[in-house]
Structure formats: structure tokens, C-alpha cells
1. Could you tell me which of the residues 177, 227, 184 is farther than 28 Å from residue 137 by Cβ and not polar (S, T, N, Q)?
2. What is the one condition in (1) farther than 17 Å from residue 157 by Cα; (2) at pLDDT 95 or above that residue 72 does not satisfy?
3. Please verify whether residue 228 is of a type in the set (Val, Ile, Thr) and within 11 Å of residue 201 (Cα to Cα), treating the condition exactly as stated.
4. When the residues of the stretch 331-356 are narrowed to those that are in contact with a Ser or Thr (Cβ under 9 Å, 6 or more places away or on another chain) and not hydrophobic (A, V, I, L, M, F, W, C), which ends up farthest from residue 248 (Cα to Cα)?
5. From (1) in a helix (DSSP H, G or I); (2) surrounded by 23 or more Cβ atoms within 10 Å (Cβ to Cβ); (3) not aromatic (Phe, Trp, Tyr), pick out the condition that doesn't hold for residue 264.
6. From the set of residues in the stretch 74-102 that are surrounded by fewer than 24 Cβ atoms within 10 Å (Cβ to Cβ) and among the aliphatic types (A, V, I, L, M), which is nearest to residue 279 (Cα to Cα)?
7. With surrounded by 13 or more Cβ atoms within 10 Å (Cβ to Cβ), assigned to a loop (DSSP other than H, G, I, E, B) and not aromatic (Phe, Trp, Tyr) as the only criterion, which of 62, 71, 5 stands out?
Amino acid sequence: MIKFNYYIPTRIVFGCGSLEQLATLKLPGKKALIVITNGKSVRKYGYLQRVQDLLAKNGCDNVVYDKILPNPILTHVMEGAKIAKKEACDFVLGLGGGSPIDSAKSIAIMATNPGDYWDYISGGTGKAMPIPNRPLPIVAITTTAGTGTEADPWTVITHQDRQEKIGFGYDLTYPTLSIVDPELMVTVPPHLTAYQGFDALFHSCEGFIANIATPVSDGYALQAVKLVAKSLAKAVADGKDLEARTDVALANTLSGMNESTSSCTSEHSLAHATGALHPEIPHGAALIAISEEYFKFFAAKVPDRIKELAKAMGKPGNSALEFVDALVELQKQCGVYGLKLSDYGVTYDELPALVDNAYATMGGLFKLDRHTLSRDETIGIMQRAFK
């Protein structure tokens, strides 16, 4: 018997030019804390100023917090929350990619709740305490296509002192409003377009092979995979190709919906552990480096599911390994095949410790695999993936 629980309360405004609707859409407050990264792109390309101007047209004031790192850290969550309280902000707006939007969600929690953010985290050294107060409302405006965070409640933050990178979220960390405008994505460099696109792909592939997948999540996942297979290489080759950018942006939003109705699996635990120990590695790069050996392993364990992914990638689907072939082909087309963990400082000898970190911090995702990985099997995947 089919059973599922569906809940995605986010209003999503999607399409080229949709950012302009920020001037007229109903907002959840009158003063926003705008959360951006410490990089230059949202200012350089005028995205921040456009958002500020549109908020002003909508009668909304703002304060900017601009310290977020590519792998967001606990210190900045707490600092951003302190500023939101001091400035009496009544909602948080994440502008950019997964890092600022994830951070906006976590800041929204701590702007209304006592203690330390890690008090509420389950996993690692988190205390898993209940969150007593409702977070501030969250608005997401995404300028990249990778994490799907505009359509899910999840946020991933690193405790930099404890080398713990942990995902967290619940019903009240869904954005109330998300704007997905592919025109804001044309400035993303090719290599980051590839990293982000593969992150969206793996969210969907993992969600499809997770043991809690449903017919609803499968629909989101397979359509996202088809769109990435069709258009990611085009978007990498020509960032101004708006048709390709729109396909990948839609795949990303669908991947977030898939995460909301299914889940990632152990591949993401391993990538997060890699990022926790080596924060300089982009999340998408870690996933790509692991992916070929990870899906080779699961092709033998859940062949019927992997065959369906192969079909979504444009293969006949006669063999599960066709999906791995399609994955490698796409990585080669996007110029990211053969990424080396060693290029980011990962050593072969530390792989067992990295695996232990994955189990300790995000072990819950291992429970969502259709085949329960032993520690030795997990280490074997990482050793075969190591270059």
C-alpha cells in the first residue's frame, strides 16, 4: 500500500524576470536582514542593489550581513542572529546560493531562540534540544542552481571548532517565499555551474534510491535528472544560454522538492564529512569525486532503481551500469571528470576517520540507503574513489 506525507508550504515564483515581482509580492515583514556571502558577485553584478531597491518599493527596510563563507559556519550564524535582533529585523532574506540561504534559515532560528545553535542540532555533539520559539520568516532569492534550498527546509552548517558539518531543518525553516530567476544565474562561472548542477543531480538521484522515496518524490527526482542531463553541459559551455539555465534552475528547484518528500542518502553524509575536515573543497566537487564509485556500488545493490535513473539520463536502461556511464559522460562534458580529493588536502590514510565523521555527524542518512552499508564497505567506496 502506498503511503506518503506531503508538505511544502513555500510560495515559489519561478522564471526569467521574476525578481521584479519582489516589489509587489506580499512580504512576511517590514525589515529584512539580507544575508549574502563574503564574496563580490552579488554586489558586482548589481543583484544586492536590485533587491534593496525592490524591497524599498515594497515599503520594506533592510540591513545587510555579508560574512557567509562557501561552507557556512556556526560563528556567522550566531553573529547574524545577533545583528537581526539588534536591528529589529522581522524576517531574514537569503540572497545567493545555498550558503547564504542555508545561513538565513539558521539565523532565523537563532534570532528568536536562546542559547547556541548547536544546542538544537541532532548529530555529532549537538544537544538535540527542542526549539522553543518560532523562527523569523525566511525569504530565499537564489542566484545559483545547486542545493534546492529554496524548496526545502534544510540548512547545512559547520561547527568549525569540532569539524562537524551537519544538516538540520524542520517545518518552520521552509522559506515562506522563494524567487527563482534564471537571469540571475548567467554570471556563475563554468566550474561552479558544474559543481552546483551535479549537487542538484545527486540530490535527486539519492532521493530516488532512498528507502523513503514515494511516487511523488520519484516524479520530482526523475524530471530533475532529465533536465540536468539535457541542459547542464549547455549551461556550462554558455552561461548566457537562458533556456539551458532555466532547465537547470528548474531541476534544482525540483531537487529541493524531492528532498522535501524523500531524502538524500549516505553519499551526502560522506561529502559533508569531507567538507567538515577540508572546508576548502566545494560541496559539489566532493560529491563528484565520490560519485562514480558510490553509484557503481549501488548499481549492484539496487539495480532496478538505478536502471530508471539511466533511462532518465537518456540511456536504454538495460543495465544499471548505464547510469554510471551516463554520469561519467556528463562529467566529462562539463569538464569535471576525475576531480581529485587529494587536490584539496585529503589523504588516503585519513579516509577511515572521514568515514567515522560521516557516521557520527550525519549517520541518519545511512539509515535511508536501501542497502545498509557496513563501515568496511563505506571505507572501500572512499578508497576506490580516492585519487
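1. 227
2. (1)
3. Yes.
4. In this case the residue turns out to be 348.
5. If we test residue 264 against (1) in a helix (DSSP H, G or I); (2) surrounded by 23 or more Cβ atoms within 10 Å (Cβ to Cβ); (3) not aromatic (Phe, Trp, Tyr), just (1) comes out false.
6. Out of the qualifying residues, it is 74.
7. Numbers: 62 fails: assigned to a loop (DSSP other than H, G, I, E, B); 5 fails: surrounded by 13 or more Cβ atoms within 10 Å (Cβ to Cβ).
Criteria check complete, one pass: 71.
Conditions tested, residue by residue: (1) closer than 18 Å to residue 37 by Cβ; (2) part of a loop (DSSP other than H, G, I, E, B); (3) acidic (Asp, Glu); (4) touching a Gly at 6+ places or on another chain (Cβ under 9 Å).
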residue	(1), (2), (3), (4)
103	yes, no, no, yes
115	no, yes, no, no
139	yes, no, no, yes
156	yes, no, no, yes
167	no, no, no, yes
188	yes, yes, no, yes
191	yes, no, no, yes
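The values are calculated or read from the model by the stated rules, or taken from the named source; none is laboratory data. Here the structure is a predicted model, which means the values were calculated and not measured. As a convention, Cβ positions derive from the backbone with ideal geometry for all residues, glycine included, and neighbour counts pool all protein chains shown.
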